[in-house]
Amino acid sequence: AAALARTLLGGASGGTLRCLHLGGSGAGDTCAAAVAEMFATNGPRLALTALCLSGAVGDAGAAHLAGTLHHATSLRELWLGNHLSDAGVEAIVQALCAPAADGRGRSALTRLCLGGVTRSGVSVTNDLSGRAAEVLAELPRSSAALTELRLSGNGGLGGAGCIRLLGALQASQP
């Protein structure tokens, strides 16, 4: 999957490919690192608006992607799983909330899916806990572009975590 991602995003099709869906393919941290490399190298030239890596992506893969999300200027939708824990979520949220080091601003990601069912029917779940809910509660205040957050299937968030997220949403309303 990593070689495929490098080929698709690094070659001539990288400028026209809009959606790369590797859900259920076993795409793991190595594939996420390859995609991150392509974001860093070709980010502004990529037309990619949707990326689904829902095979075996864990915290290391999330950290690779987080470091380069600001280069993926056309990316609007990101599906990640199925081995993410709170640490991986924290890396992604920090990337979405912090201005890029190069001064270009935050990611324009509008949909972050860490749980749920993709358009093609692939199920995404992760191992998120109440700590992830605390971290995710920062998104409504810090990431104006984000309009959809999917967390279905992450039972470890618990009732208290869900209430914290709802409180953050309410507090972010004008």
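Tell me the net charge near residue 18. Cut-off is 15 Å between Cβ atoms, residue 18 excluded, with +1 for each Lys or Arg and -1 for each Asp or Glu.
On the way: positive: 45, 76, 111, 119; negative: 77.
Cβ neighbours under 15 Å give a net charge of +3.
What is the distance in Å between the Cα centroid of segment 151-174 and that of segment 52-131?
Spelled out, the Cα-based centre of one part sits 17 Å from the other.
So if I take the alpha carbon set of segment 39-174, get Rg, then get Rh from the Kirkwood formula, what is the Rg over Rh ratio?
Values: Rg = 14.1 Å, Rh = 14.9 Å.
Ratio value, two decimals: 0.95.
On a 0 to 90 degree scale, rounded to 10, what angle separates helix 29-42 from the longest Cα axis of the chain?
That works out to roughly 70 degrees.
How much length, in nm to one decimal, is gained on full extension between residue 152 and residue 169, taken as 0.36 nm per residue of separation minus their Cα-Cα distance?
Values: separation 17, 0.36 × 17 = 6.12 nm, distance 1.70 nm.
Length gained between residue 152 and residue 169: 4.4 nm.
Farthest toward the dipole's positive end in the chain, which of 21, 125, 60, given Cβ charges of +1 (Lys, Arg) and -1 (Asp, Glu) about the Cα centre?
So the residue we want is 21.
Using the heavy atoms of the protein chains alone and a 1.4 angstrom probe, what is the accessible area of segment 107-154 per residue in square angstrom? Spell out each step's value before the answer.
Details: 2070 Å² over 48 residues.
Value for segment 107-154: 43 Å² per residue.
Expressed as a whole percentage, what fraction of the accessible surface of the chain belongs to carbon and sulfur atoms when a 1.4 Å probe is rolled over the protein heavy atoms?
Values: 4140 of 7540 Å².
Heavy-atom surface of the chain belonging to carbon and sulfur, 1.4 Å probe: 55 percent.
The values are calculated or read from the model by the stated rules, or taken from the named source; none is laboratory data. Fair warning: this is a prediction, and the values are worked out from it, not measured in the lab. All Cβ positions, even for glycine, are placed from backbone atoms using ideal geometry, and neighbour counts span all protein chains on display. Please note that ligands, DNA and RNA were not included when accessible areas were found on the heavy atoms of the full protein model with its side chains. Shrake-Rupley method; radii C 1.70, N 1.55, O 1.52, S 1.80 Å.
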